[in-house]
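Beneath this line is the structure, given in structure tokens, with notes to follow.
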Amino acid sequence: RKRCKWIVVPNSQFELDSLSVFPSSIQLNYPKDSTTSISYDINTNKATLISDHIVDSIYVCFTVLPYKLNRPYFKRDVSKYDSNAIYKDDYSYRRFMPDKKEELFTSPGINKTGNISRGVSFGNNQNVFVNSVLNLQLEGKLTEGVSITAVISDQNIPFQPDGNTQQLQEFDKVYVQLKSKNANLIAGDLVMKNRPSNFLKYYRNVQGTQAEVFTHGKDSTIHSVTSGGIAISKGKFNSMQFGVGQPDSLSEGVQGPYRLKGPNNERFIIILANSEKIYLDGRLLKRGWDFDYVIDYNTAEITFTNNVLITRFSRVRVDFEYSDKNFSRTIMNFSHYQDYKRVHGFISYYQEKDNPNNPLAVSLTEADKQYLSGIGDTLNKAIVTGVKNVGYTANKILYKDTTIAGKKVYIFSTSPDSAIYDVSFSEVDQGKGSYILDVLPVNGRVYKYVGYPNGNFEPIKIISTPKQKQMIAVGGSLDVSKTDLVFVESAFTVNDVNLYSNYDSQDDKGYAYKVGYVNKGRKISFLDKYKWIASADYEYDDKNFVAIDRFRTTDFERDWSESLTKKIENNILNVSTGIVKDDKNRINYLFTRREKPGDVDGNQQTLVLNKSISKLQFIGTGFLMNNNKKQEMADWKRFNTNLYYSFKYFVPGAMINMDHNVVFDSVGKVKRTTMYYDEQKYYIRNNDKNKFKYFMDYAIRNDKEAFSGSMRDNSRTETTNLGAGGKLGKNHLVNTTFTYRYQDNDIGPTRLQNEETVMGRGEW
């Protein structure tokens, strides 16, 4: 379309029209004379004209196109997205928003997040292949009464988290959970753990399904919970100890790494992520590089951070699950908990059982199984030969047999005439083997015969026999009043350590029971805000009773100076009483009587006394133990006191700690000690209300050891700790810690070398 118009020219560049102009159609009709004619350049997209001669106005004719060439076309304006690629959903932009979200599979009410990744890998020694990773989360309602939560992930390589943070993101975890008002179902990777019970304790990472059903009566005092599940175990539970009196010791000032091992001293195990619980001197630690420890799950190594100091007097206990592929293991559980007004009852069942017909780690012949069926529960005989006659094969590690000092031994050989044996070696304790690992330029491990007892390997296979653990716990309680109740619980167990054999099965079954009374707190008329608490219970454990997991405190056996590990019955009586206002004001006394024939015949007394007077706080605990055995007597005294005063900006305090353990022989001479020290500690720290945190403490500790029938001075230790931290502005967090420890060992009878430890840490 042709257009003509007068245009006032304010500068050398001006717009002809709102539409794009056809370039060759422009004609300047004014001015026409040669003295005022102008040259021009045109931008056809923007319809602008650029002149090199300024005039007041011109008359121009031109032809326009029916559209503008530089106009942007889009469904959503790119400028309306924020930095996270999220479309700005405000009023001014709603005209750009589609009415419905475009989805490949529509599922209203369910939120979906996740990602799919594709990658190509190649190199000079492998073919090109494609990696694929899927990570998908679903959450929402399937119907009005049923909601779903699902995590679906898939990776080519199973991935274990690093174990250096408090919270773990577990990859390769797949589960689907359905919830309704009265039921809950989860299937996939899950955790099976016990409900409240005195004897039945377990925590397992499994793959399977677990269901729960809830029922509620019209009366709020009537309801029940029924649950059950079946799964395949991912690993095996084990508990390991480091420190004083243990085969695996701790080194002064060495924070790690310390390696975890299996129950048969297997050195190369893989820990299941998030299954570990680590206790230092009875205190549960936190995982994380900014907390107490980090763990490498693949190498089963623990390293403690600078927030805790490891010494040769430290005690560490680790409960964990590790990957065990000896047999496929099935786990089943069931429980029913019922409340009916003042009566509460439950029944709970748990079983984990290996499949003896499906060994995964080693291939067992019928002759091997026949041999294992005859050893009963004597597991140190669960050994089969590691020698197989396979004939000669080139480029394979093989051995020949020969006789040395009348004993048949195996020597590495490459001779086609004699190298016919494929030999598997197992590691044993140092000094109990005849072979060592040799260093040769071959692709694989080669073992060399050095004679007994110079080695730590033997040509055998140590077999982990298939096992079964089972427990049924039945219990209940009756609310006698609002504050008083009586309870009873019984447990029946099956512990078969060799499912191949029927021998020694008479000790597979055991039982235990516990009865008691609890006063949860009665008001005291003459003591305002204080309540009287009390309890009494009696526990009997049959000598064949074996728990699924530990159900007592971590230091239970240690606090009794136990020494025997064989099966013995237990009789335990506990009586306690006290008055309580809150955690800062309480006094409680516990008396325990225990009889374990041949190992424990004694009493324990524990006193807790906490008292607050204005800003002055006293915290104290005392422990006394006497254990009279036939051949020895154990005596233990332990006191811990802490006194501090809370000023506005700082809190000074002092602590006195004493731990005296002595075991005497039948004639009264000192036989051994678990721990014997006196410690004084002085400190100053910030008030809990202060934003900036700081502390400084100085401790002196004197240790003694058993030497020549008496207690002698062993070492004197001085430890200084400094620390500070807090927020600097809005975006900065700073923390620093410093520890100096000096241990004087010259005063001890063994005259060990003095040790000095310096440890520091800074975080920004």
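Residue pairs whose Cβ atoms lie under 6 Å apart, separated by 6 or more positions or on different chains, with the first residue in segment 620-631 and over 16 Å from Val667 (Cα atoms) and the second open to solvent by less than 10 Å² (accessible area, probe 1.4 Å) and modelled with pLDDT under 95, are Met625/Trp636; Asn626/Gly602. Against the test of being open to solvent by less than 30 Å² (accessible area, probe 1.4 Å), out of contact with any Asp or Glu (no Cβ under 7 Å at 6 or more places or on another chain) and in contact (Cβ under 8 Å) with a residue 40 or more places away in the chain, the options Pro466, Pro459 yield a single qualifying residue, Pro459.
Scanning segment 233-248 for residues that are modelled with pLDDT under 80 and open to solvent by 20 Å² or more (accessible area, probe 1.4 Å) returns Val244, Gly245, Gln246, Pro247, Asp248.
For Phe346, the conditions (1) at pLDDT 90 or above; (2) hydrophobic (A, V, I, L, M, F, W, C); (3) under 19 Å from Ile271 (Cα atoms); (4) more than 25 Å from the chain's Cα centre (by Cα) are fulfilled apart from (3). Assess whether Glu569 counts as being in contact (Cβ under 8 Å) with a residue 12 or more places away in the chain and open to solvent by 60 Å² or more (accessible area, probe 1.4 Å). It is true that Glu569 is in contact (Cβ under 8 Å) with a residue 12 or more places away in the chain and open to solvent by 60 Å² or more (accessible area, probe 1.4 Å). If the condition is being surrounded by fewer than 18 Cβ atoms within 10 Å (Cβ to Cβ) and either among the β-branched types (Val, Ile, Thr) or closer than 23 Å to Phe487 by Cα (or both), then segment 181-197 contributes Val191, Lys193, Arg195, Pro196.
Among residues of segment 140-152 that are at positive phi, those with a beta-carbon under 6 Å from a residue that is open to solvent by less than 60 Å² (accessible area, probe 1.4 Å) and part of a strand (DSSP E or B) at least six positions away or on a different chain give the pairs Gly140/Ile110.
So that you can scan it fast, the table gives a plain yes or no per residue for (1) free of Cβ contacts under 8 Å to residues at least 40 places away in the same chain; (2) loosely packed, with under 13 Cβ neighbours inside 10 Å:
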site	(1), (2)
Leu379	no, no
Lys388	yes, yes
Thr402	yes, no
Lys407	yes, yes
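Taking the conditions exactly as written (in contact (Cβ under 8 Å) with a residue 12 or more places away in the chain, out of contact with any helix residue (DSSP H, G or I) (no Cβ under 7 Å at 6 or more places or on another chain) and more than 30 Å from Ser501 (Cα to Cα)), does Tyr293 satisfy them or not? In short, yes.
Restricting attention to segment 48-78, the residues that are open to solvent by 30 Å² or more (accessible area, probe 1.4 Å) and either at pLDDT below 70 or polar (S, T, N, Q) (or both) add up to 7. Yes or no: Gln470 under 38 Å from the mean Cα position of the chain (by Cα) and at pLDDT 90 or above? Answer is yes for this residue. Per the conditions (1) in contact (Cβ under 8 Å) with a residue 60 or more places away in the chain; (2) of a type in the set (Phe, Trp, Tyr); (3) not in a strand (DSSP E or B), the sole criterion not satisfied by Tyr677 is (3). The residues of segment 282-297 that are crowded, with 16+ Cβ neighbours inside 10 Å and outside any strand (DSSP E or B), listed by number, are Leu285, Gly288, Trp289, Asp292, Tyr297. Once segment 578-610 is narrowed to residues that are more than 36 Å from the chain's Cα centre (by Cα) and either open to solvent by 50 Å² or more (accessible area, probe 1.4 Å) or hydrophobic (A, V, I, L, M, F, W, C) (or both), the residue that is farthest from Ile533 (Cα to Cα) is Gly598.
If only residues of segment 482-500 that are assigned to a loop (DSSP other than H, G, I, E, B) and open to solvent by less than 50 Å² (accessible area, probe 1.4 Å) are counted, the one that is nearest to Ala512 (Cα to Cα) is Val497. Looking only at segment 659-671, filter to residues that are under 35 Å from the mean Cα position of the chain (by Cα) and free of Cβ contacts under 8 Å to residues at least 40 places away in the same chain; which one of those is most open to solvent (accessible area, probe 1.4 Å)? Within segment 659-671, the match that is most open to solvent (accessible area, probe 1.4 Å) is His660.
The values are calculated or read from the model by the stated rules, or taken from the named source; none is laboratory data. As the structure is a computational prediction, the values presented were derived from the model and not from experiment. Note that we place each Cβ from the backbone using ideal geometry, even for glycine, and neighbour counts take in every protein chain shown. Just so you know, the surface numbers come from the protein's heavy atoms only, side chains and all, with ligands and any DNA or RNA stripped out. Shrake-Rupley method; radii C 1.70, N 1.55, O 1.52, S 1.80 Å.
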